[in-house]
Amino acid sequence: GEDVEQSLFLSVREGDSSVINCTYTDSSSTYLYWYKQEPGAGLQLLTYIFSNMDMKQDQRLTVLLNKKDKHLSLRIADTQTGDSAIYFCAETKGGKLIFGQGTELSVKP
Amino acid sequence: GAVVSQHPSWVICKSGTSVKIECRSLDFQATTMFWYRQFPKQSLMLMATSNEGSKATYEQGVEKDKFLINHASLTLSTLTVTSAHPEDSSFYICSATEPTGNSGETQYFGPGTRLLVL
């Protein structure tokens, strides 16, 4: 199977919280990342978390890491229409980034 | 900080011609740059890892003679698609790692180059 797995779609209403989930396989990954990709654009680094942390909060973004279950999540509070994009989680393996398939977040007004 | 640019942003070429894509780190020196390819509605596929002053390391299944990579300086890497064919049409994205900082080897991505081969 895939090294990193994400659900493909998530739809929320504007103002609600969005939670995007990711599972990874390499327990030796030092850092885990969340990237955002808008249509026709490159990837924008949203946030990252060091593997010895359980949680990291940055304004509207909260990252939770469950290292035992190799589960990573990204919570976006007060989701806005501008948050509509594809979100990729990524683990590091051998100096390379291994991406999930991406979760397409659709925010409805 | 950590801005990466790509040029051109899009290119249309005839089958059989070669196309060069530039990737630049604008405000930092990047010892390592990566080249990815992305098909519509899919994730990024790593093509090769480029280290300044040395030969690129290609991923399995990527033809090194087809996709020439040159990393001549700490701020510039180029990808040349030689003898392009319609199946080479894709979105090509580069990234660069900043060698210092608290985020390990975080990769910063360029805006991508869309290639269409007719």
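The values are calculated or read from the model by the stated rules, or taken from the named source; none is laboratory data. Predicted model, so just to flag it, every value in this text is computed and none were measured. In this analysis, Cβ positions are derived from the backbone assuming ideal geometry, glycine residues included, and neighbour counts consider all displayed protein chains.
For the stretch A:40-62, taking the residues that are within 11 Å of another protein chain (Cβ to nearest Cβ) and in a loop (DSSP other than H, G, I, E, B), the one that is nearest to B:Leu46 (Cα to Cα) is identified as A:Gly42.
On the stretch given as the stretch A:58-100, residues that are modelled with pLDDT of 95 or more and under 27 Å from B:Trp35 (Cβ atoms) total 7. The condition of being closer than 23 Å to A:Ile49 by Cα, without any contact (Cβ under 8 Å) to a residue 40 or more places away in the chain and among the aliphatic types (A, V, I, L, M) does not hold for B:Met33.
If I ask for residues that are on the phi < 0 side of the Ramachandran plot and outside any strand (DSSP E or B), which ones from the stretch A:87-108 would you list? Spell out the reasoning first.
Step one: list which residues in the stretch A:87-108 are on the phi < 0 side of the Ramachandran plot, which gives A:87-93, A:96-101, A:103-108.
Result: A:Gly100, A:Gln101.
Out of all the residues in the stretch B:97-106, is one or more modelled with pLDDT of 95 or more, more than 10 Å from chain A (Cβ to nearest Cβ) and either farther than 20 Å from A:Glu38 by Cβ or part of a strand (DSSP E or B) (or both)? No - not one qualifying residue is present in the stretch B:97-106. Residues that are surrounded by fewer than 21 Cβ atoms within 10 Å (Cβ to Cβ) and away from every other protein chain (no Cβ under 12 Å) within the stretch A:21-39 comprise A:Asn21, A:Thr23, A:Thr25, A:Asp26, A:Ser27, A:Ser28, listed in sequence order.
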